[in-house]
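As structure tokens, the structure follows; a few thoughts come after it.
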Amino acid sequence: MKEKKRIPTRGEPTPWASPFASLQNIELPSTPGERLAVNSPARTDTKPTVPKNPRGRVNIVRQTAHRGGKTVTVISGFLGISLIEKEALAKEMQQSCGAGGTVKEGRIEVQGDQRETVARILTSAGFQPVFAGG
């Protein structure tokens, strides 16, 4: 049977080991380019900004025609990308923009004027986004 630990109630200090005690002697860098003076190795788990293989150019267009005056961001010109991958990209765009959207006829449509956010997502996915059509 596991023994229960009792917490003192008569005012004596509680025995506690801080999980941050090892961070007490760390010196922070004074300039952004300087590395941390820590005994552990530096973190290298950051994502690269541009993937190694470029995946081609895609067009980003803002449209309002035939939509009752509502603005929609349309991404087209995908080459060599499956429908499943387009749907995954569309879902990521919708979550990042906080808007609805769909995949129709090989294009991704996101509600609202979301061109900058969509361009950032496409760049991180390896595409070269181009703002087309005015």
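Mind checking whether some residue in the range 32-48 is among the charged types (D, E, K, R) and at pLDDT 90 or above? Checking the range 32-48: not a single residue is among the charged types (D, E, K, R) and at pLDDT 90 or above.
Could you grab me the full set of residues in the range 67-81 that are exposed (fewer than 12 other Cβ atoms within 10 Å of the Cβ) and at pLDDT 90 or above? Scanning the range 67-81 gives a single hit, LYS70. Selection over the range 82-134 of residues that are outside any helix (DSSP H, G or I), out of contact with any strand residue (DSSP E or B) (no Cβ under 9 Å at 6 or more places or on another chain) and either surrounded by 13 or more Cβ atoms within 10 Å (Cβ to Cβ) or of a type in the set (S, T, N, Q) (or both) gives a count of 3.
The values are calculated or read from the model by the stated rules, or taken from the named source; none is laboratory data. Remember, predicted model here, so these are calculated numbers, not experimental data. Cβ: placed from backbone, ideal geometry, glycine included. Neighbour counts: every protein chain shown.
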